[in-house]
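K.L.:
Here you go, one structure.
Read-outs: derived from the displayed coordinates by stated rules, not from any lab. As the structure is a computational prediction, the values presented were derived from the model and not from experiment. Cβ atoms come from the backbone with ideal geometry, glycine included; neighbour counts cover every protein chain shown.
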Amino acid sequence: MTLPGFPVARPRRLRTSPTLRRLVAENSLNVSQLVLPLFARSGKKLRRPVDAMPGVFQLSPDEIVREAAAAHALGVSAVLLFGIPDKKDAKASGAYAKNGIVQQTVRRLKKELPSLLVITDVCLCEYMAHGHCGIVHGAKILNDPTLKLLARTAASHAEAGADIVAPSDMMDGRVRAIRAELDNEGFLDTPIMSYAAKFASAFYGPFREVAESTPQFGDRRSYQMDAANANEALREVALDIQEGADIVMVKPALAYLDIIHRVKTEFGLPTAAYAVSGEHAMIKAAAANGWIDERAVTLESLLAMRRAGADILITYAAADVAKWLR
Ligand code: PBG
């Protein structure tokens with residue numbers, strides 16, 4: 001097909017009014033796509049702000065319910081739950097404790113807001129004294145011994161009522177281990193949303209302050225992906241799908257739109273984009289200085305993720321976005 005050229009073709013014809021522009025819009029943002037990350041820690045009426053992330057708090061379970069209820073009332077259908085335990089150790093006991101902070105909070109959320117989807121982040125870094133996502137031996141992060149702990153953690157989340165479990169550790173084989181444990185425990189219908197292509201990124205800085213999960217030595221480059229690699233991201237995603245992932249995630253989002261696009265095009269699975277803490281912090285900081293329009297930039301960034309192929313948008317701005325979309 002040869003396309004007509006100018007003057008027959010005038011792309012501006014379809015831009016003459018807001019209604020016409022809406023009619024031909026190829027992508028859109030909808031509140032049903034949004035997931036709000038929340039950080040739980042023990043206590044009552046606790047709302048501890050975090051320097052690097054304006055608008056984000058460490059919340060006690062009662063406050064989590066309040067925050068989630070407010071977002072849910074605006075149409076946000078899902079939260080992604082992280083936990084900050086009272087005690088850390090070398091085997092991440094708090095991650096799979098029957099009454100751990102995430103397990104407690106999930107039970108409360110499911111009781112008080114049954115229609116809200118509760119997704120739990122499955123990782124060990126917040127629960128390990130050394131802040132790494134796996135069992136440490138010397139300077140090494142051990143892969144296979146870590147799988148058992150991750151599987152136990154995921155099953156304990158499902159047992160507490162989690163609707164979806166989301167492993168973010170980047171150990172090899174964790175999706176298979178988690179699927180096997182969930183099935184073994186009778187949670188055949190609990191989906192896995194894997195952080196399938198998760199890059200070792202400087203954009204996670206502010207998160208580690210909120211989650212108190214900064215590694216005490218070294219970095220995460222022996223398990224998270226190198227920012228230079230795209231083909232490897234496809235291999236990572238393919239492996240997670242083979243092992244049983246139901247939803248795959250790319251993280252961070254804005255600097256990795258090419259990965260989102262390739263993952264969606266190649267596999268066609270429900271694909272999530274995680275607009276991470278550093279992305280959020282940059283928008284907030286520039287907006288606070290009056291340098292950019294927070295609302296316009298946030299919506300444009302999320303729309304870019306949709307255009308790249310993301311179905312699900314995990315964003316700290318979920319509640320604001322829900323308001324703006326009204
Ligand atoms: C835990 C985890 C991290 C994030 C999500 N899950 C931090 C990390 O890998 O260091 C980052 C989220 C964000 O920056 O918003 N492994």
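K.L.:
According to a simple spin-label model (label point 7 Å from Cα along Cα-to-Cβ), what is the distance in nm between residue 62 and residue 129?
P.N.:
Modelled inter-label distance: 3.3 nm.
K.L.:
Can you classify the stretch 200-326 as rounded, prolate or oblate using the Cα gyration tensor, where a ≥ b ≥ c are the square roots of its eigenvalues, rounded means a/c under 1.5, and otherwise it's prolate if a/b beats b/c and oblate if not?
P.N.:
oblate
K.L.:
With r defined as the distance between the Cβ atoms of residue 200 and residue 3 and R0 fixed at 41 Å, what FRET efficiency is calculated, to the nearest 0.05?
P.N.:
Between residue 200 and residue 3 the formula returns 0.45.
K.L.:
Please sort 66-76, 256-266 by packing, taking for each peptide the average over its residues of neighbouring beta carbons within 10 angstrom, highest first.
P.N.:
For the peptides 66-76, 256-266, the packing ranking is 256-266, 66-76.
K.L.:
Taking the DSSP beta bridges in the stretch 28-325 as the whole, what percent of them are antiparallel, to the nearest 5?
P.N.:
Just about 15 percent of them are antiparallel.
K.L.:
When we measure straight from the Cα of residue 140, which aspartates and glutamates land under 16 angstrom away, once same-chain ones fewer than 8 places off are left out?
P.N.:
Partners within reach: 169, 172, 219.
K.L.:
Still on this structure: Does the stretch 28-325 come out rounded, prolate or oblate, given a ≥ b ≥ c as the square roots of the eigenvalues of its C-alpha gyration tensor, rounded meaning a/c under 1.5 and, failing that, prolate meaning a/b above b/c?
P.N.:
It comes out rounded by the Cα gyration axes.
K.L.:
How long is the gain from residue 20 to residue 216 if the chain were fully straight, where each residue apart is worth 0.36 nm and the alpha carbon distance is subtracted?
P.N.:
Length gained between residue 20 and residue 216: 65.1 nm.
K.L.:
Using the beta-carbon distance between residue 99 and residue 69 and R0 = 30 Å, what value does 1/(1 + (r/R0)^6) give for FRET efficiency, to the nearest 0.05?
P.N.:
0.85
K.L.:
By how many degrees, between 0 and 90 and to the nearest 10, does the Cα long axis of helix 144-160 differ from the longest principal axis of the chain?
P.N.:
80
K.L.:
So, one more: How would you order 26-32, 107-113 from highest to lowest mean count of nearby Cβ atoms within 10 Å?
P.N.:
Averaged packing, sorted descending, gives the order 107-113, 26-32.
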